[in-house]
Every structure is written in C-alpha cells, then in structure tokens.
Amino acid sequence: MPVLYNPSVYFLLFALSLAAGTSTQSERAQMAADGVRAYAAPELAGAYFYVSGKVSVEVLVGEDGSVTEVRHQACEYERLLLLAEAAARDWKFTPSSAGRRTITFVVEPETWTMEETRVAARYETPLTLRTQLIMSIVLRWPRVDGQPPEKSCAVHHEWMHIETLPIVYSGMPLGHPDGALYDEWEHAFLTGFPNSGESIGMGDAMVLEQFAEAYICNSCQKARREWLAAHHLERPPR
C-alpha cells in the first residue's frame, strides 16, 4: 500500500545503481522480451509530496507502439497514481505489442546521497519499473552550463573556490561569557575574512540539507587563522 513518506536527514541509505533512462544488457533483454522499446520513470523529483508504494495502470498501445490511452486501476493515493499515469504515456512498445498492456510502477522510499539529486530506475519483467528518488543532502549553488558561477572575494579581490561545509543550526548567542571578544570576532569576520569557511550558519531556518556549498577565499582563511592565533584561540568564541 502506498504511503506518504516523511524523510529524516539523519540516515543515509544506499541508492539503486541504475540512473533513470539507462539500462544494462540484462535489462534490455527483458524489455525486448516484453515488447518494450523505451520506458519513462515517474517525475519523483518534482513531486510536492513524496509518495512510495505500488500502482498499476492499463495502457492501450497503438500500431506504431506509442501509448494512446491510459486507464488507472484502484489506488488509494491519487498523487502516486497521477505520477504513474504521466510516466506511462511516454512508454514506447514494439508494433507487435499493440493492444492493452498493464504497467506496474514500484516506488521505493526516497534515500540520500552527497551527489546530485536524481531518480534511479530499474526495469523488471513483466512490465514493471522500480524507481527511487535519491536526494542530495548538499545545498548547491545553481549551475550555468553545468558549472557554478565564478565569484571573487569582496575583501581580497581574488577568485574563490567552492568547498562543501556542514550546516550548523543556531540562533543568536545569548549571555555569552565574553561578549566583548565575541563582538570583536564577529566584526573581524564580517570585515576581514567573510569567506573563510568552517561551517554554514542557518540560524533557526531548518532545511533538508545537512551540507552546503560555500565559496572560499584563501586569503580569508589565512586572515582567520592569524586572528585566532593573535587571540590565542583554536576556535572562534561561541
């Protein structure tokens, strides 16, 4: 029975080995035996609520092998059914498979990775597609032609590189035992080495990701180390 899935970012699971749209030799042999030329996976990455479970749809295959009609079977959760119906319309069959066929979609609970978010899919006979949404726990900068935009440090005017840093959730410090030193650190950080890294502060705004990409300036990192050494500290005051 399909269920709404509430993810926890504290557990990392192993992902399926096949990316959506790719197939092994064994898969291709199974698809050929079932009269399937190409399959489409449900658009899990775009689903507002993630669902997992099993659903079947009946399709009418035309003489050219395309799907001309989709009929759904009983399913308690409409969202999963709509995703399955949309995917089934893009399946392609051999002309000899014309007629009514039943496609079954098995959607696994989502899992997490440090890599890019993607949908993994594996074809299984007869006419069954097993899929899983693999979510990245890294908050990434948007890409332009596959690459993040180049940025320079506003303080040191040099090009920066990207590192993946842990996200830290914390509010404003209250009752710090050395408020003056903390204020001095905060001012030095903002004006002298804002791109020195260590962690990403998110305040109280909780997000799914546990890590985030950050632009790092080598000169900022050097200035940060020098400030800490001058104050006989190994870590910033908290």
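The values are calculated or read from the model by the stated rules, or taken from the named source; none is laboratory data. From a predicted model like this one, the values you see are computed outputs, not experimental measurements. Neighbour counts are summed over all protein chains in view; Cβ atoms, including those assigned to glycine, are modelled from backbone coordinates with ideal geometry. Please note that ligands, DNA and RNA were not included when accessible areas were found on the heavy atoms of the full protein model with its side chains. Shrake-Rupley method; radii C 1.70, N 1.55, O 1.52, S 1.80 Å.
For region 65-176, a crude dipole built from +1 on the beta carbon of Lys and Arg and -1 on the beta carbon of Asp and Glu, taken about the Cα centre, is about 460 debye to the nearest 20. Both radii are taken from the alpha-carbon atoms of region 79-189; with Rh as the Kirkwood radius, Rg/Rh is 1.24. In loop segments of region 72-174 as defined by DSSP, the trypsin sites (Lys or Arg not before Pro) with at most 15 further C-beta atoms inside 10 Å of their C-beta are Arg89, Arg140, Arg143, Lys151. Partners of Lys92 within straight-line reach, counting aspartates and glutamates whose Cα lies under 16 Å from its Cα and excluding those fewer than 8 residues away in the same chain: Glu27, Asp34, Glu58, Glu63, Asp64, Glu69, Glu124. Solvent-accessible area of region 72-175 (1.4 angstrom probe, protein heavy atoms only): carbon and sulfur portion equals 53 percent.
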